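Remarks on the structure that follows.
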Amino acid sequence: MATNLTNDSAKPLVSTDPATNEMVVIANDANISTVWDRFNAQKPQCKFGTEGVCCKICHMGPCRITPKAKLGVCGADADTIAARNLLREIAAGTAAHSDHGRMLVRTLKMVAQGKGSDYEIKDPKRLHEAAELFEIATANRTDLEIANDLADFFMTQFSWSEKPNATLKLAPEKRQALWEKLEIAPSGIDSSVVELMHRTNIGVDHNYRHLIMGGLKCSLADGWVGSTIATTVSDILFGTPKPIRSRVNLGVLSEDKVNIIVHGHEPTLSEMLAVASLDEDLLTYARSKGAAGINVAGICCTANEVLMRHGMPIVGNFLQQELAIMTGAVEVMVVDVQCVMPSLAHVSKCFHTELVSTSEIAQSMGAEQMTFDADAGYEHACRLIRKAIDNFERRDKSRVHIPKESMEVVAGFSNEAIYHMLGGHFRKSFRPLNDAIISGRIRGVVGVVGCTNPKIQSDSAHVKLTEELIKRNVLVLQTGCSAIACGKVGLLTPEAAMLKAGDSLREVCEAVGIPPVLHMGSCVDNSRILAAATNVLLEGGLGEDLSDLPVAGAAPEWMSEKAVAIGNYFVASGIFVVLGHPLYVGGSENVNRLLTEEMEGITGGKFAWEPDPVKAADLIMEHIEKKRDALRINVKTERKLFDMKERRELQ
Ligand code: SF4
Ligand code: MSK
């Protein structure tokens, strides 16, 4: 089926990114369907689904709530059904992030036991800091002994325990106390997911308020536990990111090198591919086949992982995955878990691209399965690269079409990197950031994150919202596909401060040498945003809890259940979150009101739904100024000029 979204001026462009629009024309000409075609074919989308009032939890249903049928067969009303549906999304999102974390803990354990010799402890300092935080002995012990205990400790955080989860203590004390009071402090990650699946089963929890609070509890197991563990272990094994330059967009694909795309989320294999792509023997082999070299680049969050640590280029974000193959220049696309479209197998069949699936839990029909064995990680990576080199000869040069767009980015802003940039190497501190917020030079800090979605012109809302915020002197933190969208238009460079930031934010960025938009990593690295907010709070002068801070979160183009979990853990952490389109709860006035109004009186955070990025920026600024007023940092103290007599009196 041909796409009917082309660059025909009578029709809307699918993206604000010219490279994406250019490739959609190529897809159209080649009669290959894209995500936008399939989206159009699904229209009109089911209103019962979008309003959250369709239930198929038991087989007396499916039931749909209408003005005529206000109750499901069992008697469940719109409130119960919408709340239960939301909880199941939170459970799925939490499971996805946390299983990613578990995989990394398994790799850490393997390294500690002397297996998986291709991996090592890249950041022993981070290992020691994490061990000390969780009271694991470090004195007179080897890194591997410490890593072994830390891996065991992290593994226990997945199962049920009588106490709240140990990693929750990374949150400010007042927040922890509130979670205890509200009875939403989770224990194990797995048990939290299981509890939600149980509570939403037919005939269990029917009180929509109680259900929603249960959802927040599970989401906290995602943000403050599973994702936090994933980020920590990635840093220990692969290195804590530091600012690094690279490029982003389809133009990073090479006309004359072997192109290998890594796509998905888990960094274990992509780390090895990044290292193996520099192997002299493989480079010689590539040259023997007529290629000028080996180019490993990424899509989605695997891309963010290898960008943050190796400066590997990024081909694109979620909606660009099919288009990358359509350049005709990709020898192998290596996929693992999450955000991998099943359509890739079909698209790759139209080109010479080999699609290789590497996760033991995820397979695609039509993809070759090469399950990754971390125990022989380097060897596995070399096999994949050799496969790509062999496939280079099959590339049909007449079908190669690589858009020219690629933009410079600076990424790698872990909290540790921000500490050092702000406070210098010897005096790491968030003080300069807090001072800038208190003085009003930076009005607040906002995390703009999440996916792209064919419901919204791709990248448009991420870019517009981010530009609006930095123009209004707000520092923006980013992760995931949102960071890639903003990277494509140059917002992740220090130069963006001069071109796009408000005067006072620009001064701060220039003084410190940072972009006005800081790329903090992949989806699980939203835990870095929670940690950044906590660091600001602990630095002092901006209140006692996360809900006191002039901060907010936004996901203008989100689509994944993981984003649902993320939004909820931010709200449960006391943070205002603006989503570009609503959660599927519109069919229940009560659930909608609880999430968008009443929640502020419970956790201090709440949701808002706002598709217009300028209006979303207005809402965020209103919230930030409200918080600044409450902190009394908007009160300008009169500058008094003293004469000589008054000075003497003062002395
Ligand atoms: Fe219908 Fe109730 Fe079964 Fe849901 S749980 S499908 S509302 S009968
Ligand atoms: S990859 S979850 S589309 S941000 Fe993490 Fe992008 Fe969303 Fe996937």
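The values are calculated or read from the model by the stated rules, or taken from the named source; none is laboratory data. Because the structure is a prediction, the values reported are computed rather than measured. Note that each Cβ is placed from the backbone with ideal geometry, even for glycine, and that neighbours are counted across all protein chains shown. Surface accessibility is based on the protein's heavy atoms, side chains included, excluding ligands, DNA and RNA. Shrake-Rupley method; radii C 1.70, N 1.55, O 1.52, S 1.80 Å.
When the residues His352, His210 are ordered by accessible surface, computed with a 1.4 Å probe over the protein chains alone, the sequence from largest down reads His210, His352.
Where does the charge balance sit around Ile620 when Lys and Arg score +1, Asp and Glu -1, over other residues with C-beta under 14 Å from its C-beta? Net of charged neighbours comes to +2. Loop-only GluC sites (Glu not before Pro) in region 227-305, please: DSSP not H, G, I, E or B, and at most 13 other Cβ atoms within 10 Å. Those satisfying the criteria are Glu255. Other residues with beta-carbon under 10 Å from the beta-carbon of Thr16 carry, at +1 per Lys or Arg and -1 per Asp or Glu, a net charge of 0. Of the GluC sites (Glu not before Pro) found in region 117-164, those in coil by DSSP whose Cβ has at most 10 other Cβ atoms within 10 Å are Glu135, Glu162.
Shape of the chain from the C-alpha gyration tensor: rounded (a/c under 1.5, with a ≥ b ≥ c the square roots of its eigenvalues). As a ratio to 2.2 N^0.38 Å, the alpha-carbon radius of gyration computed for region 414-631 takes the value 0.95. Using C-alpha pairs under 8 Å with a sequence gap of at least 6, the mean separation divided by the residue count of region 164-265 gives a relative contact order of 28 percent. Considering only beta bridges that DSSP places wholly inside the chain, some 15 percent are antiparallel. Expressed to the nearest 5 percent, the antiparallel share of DSSP beta bridges inside region 414-631 is 0 percent. Tell me the net charge near Asp336. Cut-off is 15 Å between Cβ atoms, Asp336 excluded, with +1 for each Lys or Arg and -1 for each Asp or Glu. Local net charge: -4.
As a fraction of the 1.4 Å probe accessible area of the chain, surface on carbon and sulfur atoms comes out at 53 percent. Length gained on full extension, Leu499 to Glu135, computed as 0.36 nm times the residue gap minus the Cα-Cα distance: 126.4 nm. Only helical runs count toward this figure. For the chain, summing -39,500 (n - 2.57) over DSSP H runs of n ≥ 4 and dividing by all residues gives -14000 deg cm²/dmol at 222 nm.
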